[in-house]
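S.K.: Can you read through this structure? Questions will come right after.
The values are calculated or read from the model by the stated rules, or taken from the named source; none is laboratory data. What you see is a predicted model; the values in this text were computed from it and never measured. Cβ placement follows ideal geometry from the backbone for every residue including glycine, while neighbour counts extend to all protein chains displayed.
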There are 2 protein chains.
Amino acid sequence: MSDPAADAETTLRTPRARARAQTIADIVRLGRDHLATQGAAALSLRAVARDLGVVSSAVYRYVANRDELLTLLLVDAYSELGDAVETAVNAMPERDFDGRFKALGRAVRTWALREPARYGLLFGSPVPGYKAPAGRTTPPGTRVIYSLIGILDGAYRAGALTAASRTAVVPSALSSDLESIRGELGLAVPDELLANGALVWTSLFGAVSFEVFGQYGADTFSAPEELFEHHLAVLAGMTGLGA
Amino acid sequence: MSDPAADAETTLRTPRARARAQTIADIVRLGRDHLATQGAAALSLRAVARDLGVVSSAVYRYVANRDELLTLLLVDAYSELGDAVETAVNAMPERDFDGRFKALGRAVRTWALREPARYGLLFGSPVPGYKAPAGRTTPPGTRVIYSLIGILDGAYRAGALTAASRTAVVPSALSSDLESIRGELGLAVPDELLANGALVWTSLFGAVSFEVFGQYGADTFSAPEELFEHHLAVLAGMTGLGA
DNA sequence: CGACTGTCAAGAGCAGTGCTCTCAATTGTT
DNA sequence: AACAATTGAGAGCACTGCTCTTGACAGTCG
């Protein structure tokens, strides 16, 4: 009960454990459906219980509380986004760094538009009163940025970057932050590029969020994908990727 | 009762109307406090009623429902942000376009960090089931982007823009969207700059959202304001503003 | 074979929510 | 002073998260 490794060992062995795992998977699946259609704030354990054909208190046998279900859904969504992004990136030739970057951006946008509520859970306003347990959400939650950094670092090492079209001074405190990151991840990219990479990262999600959350007016852009492609091209150029 | 103009006429005349306006203002103020501390999803009309020292059903005399209170708070927050931004922009010399742009960016960030929950209401995940009435929220909600566009257009007309450091092809559908915008607002800026302006806009809010919503890790950046200043400098360069 | 243990679903119940309705009281106007 | 508009109180409905107790079932052990 207290040893997760032992749990994992027996999870698939006894029929009871199998049934239990199946029920939890069902709960997550139903929760994901509710989340996708109504949003995080409207996620209700009672509604999940109803769909499961069970009384409301029964789900507490499988999920401690609403926050834990939220955590499961958070991990679920992060993982799906991470899979989508990595699949798209790996579909491009290994040395086509610009293509890999754009594939990453398009994958994020496509997934976000297909799953607006789940995207909102990941990148929108935090759910009030809910604090994500970093130990469980950080690994799946960092896959996209690690993938992006990997592309940048790979391109830099391969000498595939033209001079970044625009850089700015990196002050000292920021420089030491970047040095820590470089050390932890074993990167080669210099400060200016790493700082620009951070801007590319936030800009990518800023553009996607504006589109998903409807911050552009209702009919301001008739072809939002063209706007996004333009943004991707400019962002690629900002790191020296864009040929 | 059905003529808003007549309502506006009498709003301050009769003592009853005055008391009514005061009560509504109190409700908005209390709602803003709750919103600021707990977030939009936790906003409760009953809690507001309690703080107002009145039974829950009484507030429905002044506010039709929760959604209308949300609309009032939305307008309230947009207006405060718009005021903060315009004040900061106007504090800079009229022809210091780069300074005005950076003042705008810093004002957005400062307000957002001071009012994270209200910022989340404006730029985070949409509240499930709530549809903002465009007629009431669009005017206050467009002040920041209009201010940004005004700076860009002014700089362009004044010939104060160096060649934008990075542009990309603007495809046809996007170009006609931009043409519409240019026509509606009476702008002079060409397609490339306007498209870059849109990217600057989303990037600015993307950077602010990442910081406010805690998307950077807890201790990834020890000096987030330096990171933001760097981003601002690069974004300024993207439109040709940055010296 | 019988008893025992662990797991599970059901139901009642508490405190909270948005919202509607009725009724009585207060208030401003005529 | 009499009337009408406005307001607050209270009850009530349907919903939420969550806890606790109770009874039923399974597998296991003496």
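S.K.: From B:Glu80, B:Glu68, grab the single residue that is of a type in the set (D, E, K, R), within 18 Å of B:Pro140 (Cα to Cα) and at pLDDT 95 or above. I'd like the intermediate steps shown before the answer.
M.R.: Working: B:Glu68 fails: at pLDDT 95 or above.
So the residue among B:Glu80, B:Glu68 that is of a type in the set (D, E, K, R), within 18 Å of B:Pro140 (Cα to Cα) and at pLDDT 95 or above is B:Glu80.
S.K.: Among the listed residues A:Leu81, A:Leu35, A:Leu72, which satisfies the condition of being assigned by TED's automatic domain parsing to the domain that holds A:Thr142 and under 21 Å from A:Leu122 (Cα atoms)? Before you say what the answer is, go through the steps one by one.
M.R.: Details: A:Leu35 fails: assigned by TED's automatic domain parsing to the domain that holds A:Thr142; A:Leu72 fails: assigned by TED's automatic domain parsing to the domain that holds A:Thr142.
Of A:Leu81, A:Leu35, A:Leu72, the one residue that is assigned by TED's automatic domain parsing to the domain that holds A:Thr142 and under 21 Å from A:Leu122 (Cα atoms) is A:Leu81.
S.K.: Given the options B:Phe221, B:Phe205, name the one that is farther than 21 Å from B:Val85 by Cα and at pLDDT 95 or above. Write out each step before concluding.
M.R.: Numbers: B:Phe205 fails: farther than 21 Å from B:Val85 by Cα.
Exactly one of B:Phe221, B:Phe205 is farther than 21 Å from B:Val85 by Cα and at pLDDT 95 or above, namely B:Phe221.
S.K.: Is it the case that some residue within the stretch A:74-88 is within 16 Å of DNA strand D (Cβ to nearest atom) and either more than 14 Å from every other protein chain (Cβ to nearest Cβ) or in contact (Cβ under 8 Å) with a residue 60 or more places away in the chain (or both)? First the steps, then the outcome.
M.R.: Within the stretch A:74-88, the subset within 16 Å of DNA strand D (Cβ to nearest atom) is A:74.
Add one more test, that the residue is either more than 14 Å from every other protein chain (Cβ to nearest Cβ) or in contact (Cβ under 8 Å) with a residue 60 or more places away in the chain (or both), and what stays is A:74.
Yes, there is a match, as at least one residue in the stretch A:74-88 is within 16 Å of DNA strand D (Cβ to nearest atom) and either more than 14 Å from every other protein chain (Cβ to nearest Cβ) or in contact (Cβ under 8 Å) with a residue 60 or more places away in the chain (or both).
S.K.: Need the failing condition index for A:Ala117 against (1) among the aliphatic types (A, V, I, L, M); (2) within 14 Å of another protein chain (Cβ to nearest Cβ); (3) within 13 Å of DNA strand C (Cβ to nearest atom), just the number.
M.R.: (3)
S.K.: Out of B:Leu70, B:Leu74, B:Leu81, I need the residue that is within 16 Å of DNA strand C (Cβ to nearest atom), closer than 30 Å to B:Ala236 by Cα and not small (Gly, Ala, Ser). Which one? Before you say what the answer is, go through the steps one by one.
M.R.: Numbers: B:Leu70 fails: closer than 30 Å to B:Ala236 by Cα; B:Leu81 fails: within 16 Å of DNA strand C (Cβ to nearest atom).
Answer to the check: B:Leu74.
S.K.: Now a separate question. Could you identify the single residue in B:Ala168, B:Ala134 that is among the hydrophobic types (A, V, I, L, M, F, W, C), within 30 Å of A:Leu43 (Cα to Cα) and in the same structural domain as B:Phe97 (by TED's automatic domain parsing)? So that I can check it myself, show each step before the final result.
M.R.: Details: B:Ala168 fails: within 30 Å of A:Leu43 (Cα to Cα).
Result of the check over B:Ala168, B:Ala134: B:Ala134.
S.K.: Given the conditions (1) closer than 22 Å to B:Ala41 by Cα; (2) out of contact with any Gly (no Cβ under 9 Å at 6 or more places or on another chain); (3) within 12 Å of DNA strand D (Cβ to nearest atom), and given that A:Ala40 satisfies all but one, which numbered condition is not satisfied?
M.R.: Result: A:Ala40 passes all but (2).
S.K.: Looking at (1) within 16 Å of DNA strand C (Cβ to nearest atom); (2) within 14 Å of chain B (Cβ to nearest Cβ); (3) over 22 Å from A:Gly120 (Cα atoms), can you tell me which one A:Asp98 breaks?
M.R.: For A:Asp98, the exception is condition (1).
S.K.: Another question, if that's okay. So which residues in the stretch B:137-167 are among the basic types (Lys, Arg), in contact with a Gly (Cβ under 9 Å, 6 or more places away or on another chain) and surrounded by fewer than 18 Cβ atoms within 10 Å (Cβ to Cβ)?
M.R.: Keep residues of the stretch B:137-167 that are among the basic types (Lys, Arg), which gives B:143, B:157, B:166.
Filter once more, keeping what is in contact with a Gly (Cβ under 9 Å, 6 or more places away or on another chain): B:143, B:166.
Within the stretch B:137-167, B:Arg143 is the sole residue that qualifies.
S.K.: Any residue at all in the stretch A:114-121 that's assigned by TED's automatic domain parsing to the domain that holds A:His230, free of Cβ contacts under 8 Å to residues at least 24 places away in the same chain and aliphatic (A, V, I, L, M)?
M.R.: No: zero hits.
S.K.: Further question on the same structure: Can you name the residue in the stretch A:225-243 that is at negative phi and assigned to a loop (DSSP other than H, G, I, E, B) and is also surrounded by the fewest Cβ atoms within 10 Å (Cβ to Cβ) among such residues? Before you say what the answer is, go through the steps one by one.
M.R.: Step one: list which residues in the stretch A:225-243 are at negative phi, which gives A:225-239, A:241-242.
Retained after the next criterion (residues that are assigned to a loop (DSSP other than H, G, I, E, B)): A:241-242.
Values: A:Leu241: 24, A:Gly242: 20.
Here the answer is A:Gly242.
S.K.: Of all residues in the stretch A:201-224, how many are more than 7 Å from every other protein chain (Cβ to nearest Cβ), in contact (Cβ under 8 Å) with a residue 40 or more places away in the chain and surrounded by fewer than 24 Cβ atoms within 10 Å (Cβ to Cβ)?
M.R.: Counting residues in the stretch A:201-224 that are more than 7 Å from every other protein chain (Cβ to nearest Cβ), in contact (Cβ under 8 Å) with a residue 40 or more places away in the chain and surrounded by fewer than 24 Cβ atoms within 10 Å (Cβ to Cβ) gives 4.
S.K.: Consider only pairs whose beta carbons are under 6 Å apart and that are at least six residues apart or on different chains; among these, list those whose first residue lies in the stretch A:44-61 and is over 15 Å from A:Gln22 (Cα atoms) and whose second residue is more than 8 Å from DNA strand C (Cβ to nearest atom) and of a type in the set (D, E, K, R).
M.R.: Between residues of the stretch A:44-61 that are over 15 Å from A:Gln22 (Cα atoms) and residues that are more than 8 Å from DNA strand C (Cβ to nearest atom) and of a type in the set (D, E, K, R), the close pairs are A:Leu45/A:Arg66; A:Ser56/A:Arg46.
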